[in-house]
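Would you mind keeping the following structure in view while I ask a few things?
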Amino acid sequence: MILYSTNHRVPDVNFEEAVFKGLPDDNGLYMPREIDKLPDSFFENIHEMSLQEIALQVTANLIGDEIPTNDLMEIVNDAFDFEAPVVPVTENIRSLELYHGPTLAFKDFGARFMSRVMGYFLKKRKREVNILVATSGDTGSAVAQGFLNVPGITVTILYPRGKVSEIQRKQLTTVGQNVTALEVSGTFDDCQRMVKQAFLDRKIREKHSLSSANSINISRLIPQSIYYYYAYAQVKEEGKPVVFCVPSGNYGNLCGGLIAKATGLPIKRFVAASNANDVVPKYLNGHPYETRPSVQTISNAMDVGDPSNFARLQALYDERFPDIVRDIAGKSFSDEQTEATIARVFKETGYILDPHGAIGYAALEQHLKECDKDALGIFLETAHPAKFADVVEPLIKQSVIFPKRLSEVLSKTENAISIGSSYDHLKAYLEQRK
Ligand SMILES: *Cc1c(COP(=O)(O)O)cnc(C)c1O
């Protein structure tokens, strides 16, 4: 696999280099030079394949011979050992439930694949790394669970004290083993700045073999295309054109879908759905692209004012706006609309949405009324409603059933190391630990 930087100022790299570098030195994003079409036979047989079988074909097609088939099979079988069912909600709207992994959110797909790919390369090279990651909630727990007990890797997670939900904090601080949680007396921006500074500090970076695991890593993007194929496989025999609606923040999830389409997956259209942080839907509806500071909403994993994958979205279309808006519609919804959708859908259908999925549902419903009337719509339900029980329960006027792996976490002992909010605090921590 050959990858280029979207800023075009550094040489191409192979997959392994892109995985460990994360970000190219010119501050662009790595993208595959070529995205090969999958063979017709794959799409003819897809409805008979499991998630893991599909994952193997899709990742092999993108990554090429850098990871031999048998090794890749082990990686995907271990990474994707949970389901991703398409569940009917109404006549023409389905939910693709991406929350059946260990942390109950779709980021498990990216984090689990990335950790195993890194572990594979490290073992081959007899190397070790320390993953350093800042989180405002969900990414951290997916990374912590994803890297748990992967040999050759230790993980240090920085989170802002008092600014993550109780469940999120539990998910970060109860992992243990090779995962350490650092509770920072500051904001998420402080955490992110401290991590950035550590990577810029060459001496520290090399001495401690620091590596990143953030959402722009190409090994997190690739697995986010797999469930689009698997969802298509589940509805293929109904013979309708398929529209996917993606509740979005950094637009990595949507980019996964666009890559799937580029390999030949017959997707009629995408709907990019946002909360009040609507820079991309605005752009898709003909306004200039203007990033701005994020605003807080109840779908907080989508509170992004400067989406990091926008450059990838543009690169996939060679920046041709007419082609982009032919494939992708954009819609945004307020918190009030999100809450009304959760209440209404539960009342009418009994289906419980989380605040992120609710935006996907609302955008899809509106889109199918205006356009693509003959299509089957699938929205990506990106988190389990129990993770947002404080929002959801008053709206549906009953309690949400907590899956076992979430309730188990609540009774575990927490372990976190408190540190201050400057880079010197992080540096001191790194220097003193064994
Ligand atoms: C991260 C996240 C999103 C947004 O996904 P992007 O790839 O950043 O667009 C949506 N919903 C949930 C629950 C998330 O954790």
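Picking from LEU98, LEU182, LEU406, which is most flexible by a Gaussian network model of the chain using Cα springs under 10 Å?
Maximum among the listed residues: LEU406.
In whole percent, how big is the carbon plus sulfur part of the accessible area of the chain, probe 1.4 Å, protein atoms only?
Numbers: 8540 of 18040 Å².
Accessible surface attributable to carbon and sulfur in the chain totals 47 percent.
When the solvent-accessible surface of protein heavy atoms is calculated with a 1.4 angstrom probe, in what order do LYS347, LYS412, LYS207 fall, highest first?
Numbers: LYS347 175, LYS412 100, LYS207 135 Å².
The most accessible residue leads, giving LYS347, LYS207, LYS412.
Another question about this same structure. In Å, the Kirkwood hydrodynamic radius of the range 75-130 over pairs of distinct alpha carbons?
Details: mean 1/r = 0.0765 Å⁻¹.
Its Kirkwood hydrodynamic radius stands at 13.1 Å.
Give me the three principal axis extents of the range 181-252 from the C-alpha atoms, as integers in angstrom, largest value leading.
57, 26, 19
Which whole-number percent gives the relative contact order of the chain, counting Cα pairs below 8 Å spaced six or more residues apart? Mind dumping the intermediate values first?
Working: 834 pairs, mean separation 79.7, N = 434.
18 percent.
Still on this structure, please answer the following. Return the percentage of antiparallel bridges among DSSP beta bridges fully within the chain, rounded to the nearest 5 %. Each step should come with its number before you reach the end.
Numbers: 9 of 45 bridges.
Here the share of antiparallel DSSP bridges comes out near 20 percent.
Considering only C-alpha atoms, what is the centroid distance from the range 328-368 to the range 195-258, in Å?
Here the two parts' Cα centres lie 23 Å apart.
How far apart, in nm, are two points set 7 Å out from the Cα along the Cα-to-Cβ line at VAL10 and at ASN70?
Each label point lies 7 Å from its Cα, and together they span 3.4 nm.
Report the Cα-based extents of the range 1-65 along its three principal axes, largest first, to the nearest Å.
On the principal axes, the range 1-65 reaches 43, 20, 18 Å in Cα extent.
If contacts are Cα pairs under 8 angstrom and at least 6 residues apart, what is the relative contact order of the range 66-154 in percent? Could the numbers behind the result be given before it?
Working: 92 pairs, mean separation 23.6, N = 89.
Relative contact order comes out at 26 percent.
Related question: Could you give the C-alpha radius of gyration of the range 114-232 expressed as a fraction of 2.2 N^0.38 Å, taking N as the number of residues it contains? Spell out each step's value before the answer.
Details: Rg = 14.7 Å, N = 119, 2.2 N^0.38 = 13.5 Å.
Against the empirical 2.2 N^0.38 Å value, I get 1.09 for the range 114-232.
Solvent-accessible area per residue for the range 338-395 at a 1.4 Å probe radius, Å²? Please report the intermediate quantities before stating the final value.
Working: 1890 Å² over 58 residues.
That works out to 33 Å² for each residue.
Where Rh is the Kirkwood radius over the Cα pairs of the range 333-425, the temperature 25 °C and the viscosity 0.890 mPa s, what D in µm²/s does Stokes-Einstein return? Could you put the intermediate results ahead of the total?
Working: Rh = 15.6 Å.
Approximately 157 µm²/s, per Stokes-Einstein.
Here is a further query. If each of ARG433 and ASP318 carries a label point 7 Å out from its Cα toward its Cβ, how far apart are those two points in nm?
Placing both labels 7 Å beyond Cα along the Cβ direction yields 4.7 nm.
Take the Cα pairs of the chain, get the Kirkwood Rh, then feed it into Stokes-Einstein at 25 °C and 0.890 mPa s and tell me D in µm²/s. Walk me through the intermediate numbers first.
Numbers: Rh = 22.0 Å.
After rounding, the answer is 112 µm²/s.
Report the equivalent ellipsoid semi-axes for the range 275-334 in whole Å, largest first, defined as the square roots of five times the eigenvalues of the gyration tensor built from alpha carbon atoms. Could you put the intermediate results ahead of the total?
Details: eigenvalues 89, 29, 18 Å².
Semi-axes (√(5λ), whole Å): 21, 12, 10.
Can you give the Rg to Rh ratio of the range 263-374, both from alpha-carbon atoms, with Rh computed by the Kirkwood formula?
On the way: Rg = 14.7 Å, Rh = 15.0 Å.
My calculation of the ratio gives 0.98.
Report the FRET efficiency, 1/(1 + (r/R0)^6), for ARG205 and GLU336, where r is their Cβ-Cβ distance and R0 is 51 Å, rounded to 0.05. Don't skip to the end; give the middle numbers.
Values: r = 45 Å, r/R0 = 0.89.
Approximately 0.65, to the nearest 0.05.
So if we plug the beta-carbon distance of ASP189 and ASP424 into 1/(1 + (r/R0)^6) with R0 = 22 Å, what FRET efficiency do we get, rounded to 0.05?
Step by step, r from the Cβ atoms, then E = 0.80.
Can you give me the relative contact order of the range 1-134 as a percent, contacts being Cα pairs under 8 Å and 6 or more apart? Walk me through the intermediate numbers first.
Details: 130 pairs, mean separation 22.6, N = 134.
It rounds to 17 percent for the range 1-134.
According to the square roots a ≥ b ≥ c of the eigenvalues of the Cα gyration tensor, what is the shape class of the range 38-103, taking rounded for a/c under 1.5, prolate for a/b larger than b/c otherwise, and oblate for the remainder? Display every interim value, and only then the final one.
Details: a/c = 2.99, a/b = 1.50, b/c = 1.99.
Cα axes put the range 38-103 in the oblate bin.
Given the options LYS196, LYS107, LYS404, which has the most mean-square fluctuation in a GNM of the chain, springs set between C-alpha atoms less than 10 angstrom apart?
Result: LYS404 has the largest fluctuation of those listed.
Shifting gears a bit: Sort LEU380, LEU23 by heavy-atom solvent-accessible area, probe 1.4 angstrom, most to least. The partial results should precede the final answer.
Numbers: LEU380 0, LEU23 70 Å².
Greatest to least solvent exposure: LEU23, LEU380.
Grab the DSSP H runs of the chain that are 4 residues or longer, score each as -39,500 (n - 2.57), total them, divide by all residues and round the 222 nm result to the nearest 500 deg cm²/dmol.
Values: 20 runs with 194 residues, N = 434.
That calculation yields -13000 deg cm²/dmol at 222 nm.
Rounded to whole Å and sorted largest first, what semi-axes of the equivalent ellipsoid does the C-alpha gyration tensor of the range 190-314 yield via the square root of 5 times each eigenvalue? Show your work: numbers first, answer last.
Working: eigenvalues 193, 83, 28 Å².
So the three semi-axes of the range 190-314 are 31, 20, 12 Å.
So how much slack lies between ARG405 and GLU83, counting 0.36 nm per residue of separation and subtracting their Cα-Cα distance, in nm? Walk me through the numbers before you get to the answer.
Numbers: separation 322, 0.36 × 322 = 115.92 nm, distance 1.50 nm.
Additional length available on full extension: 114.4 nm.
Have a look at PRO247, PRO293, PRO85 and tell me which one the Gaussian network model of the chain (Cα, springs below 10 Å) gives the largest fluctuation.
With Cα springs under 10 Å in the chain, the top fluctuation among PRO247, PRO293, PRO85 is at PRO293.
The values are calculated or read from the model by the stated rules, or taken from the named source; none is laboratory data. Keep in mind that this is a model prediction, so the values were computed, not measured. Heads up, the Cβs are rebuilt from the backbone with ideal geometry, glycines too, and the neighbour counts pull from every protein chain shown. Quick note on the areas: whole protein, heavy atoms, side chains included, nothing else; ligands and nucleic acids left out. Shrake-Rupley method; radii C 1.70, N 1.55, O 1.52, S 1.80 Å.
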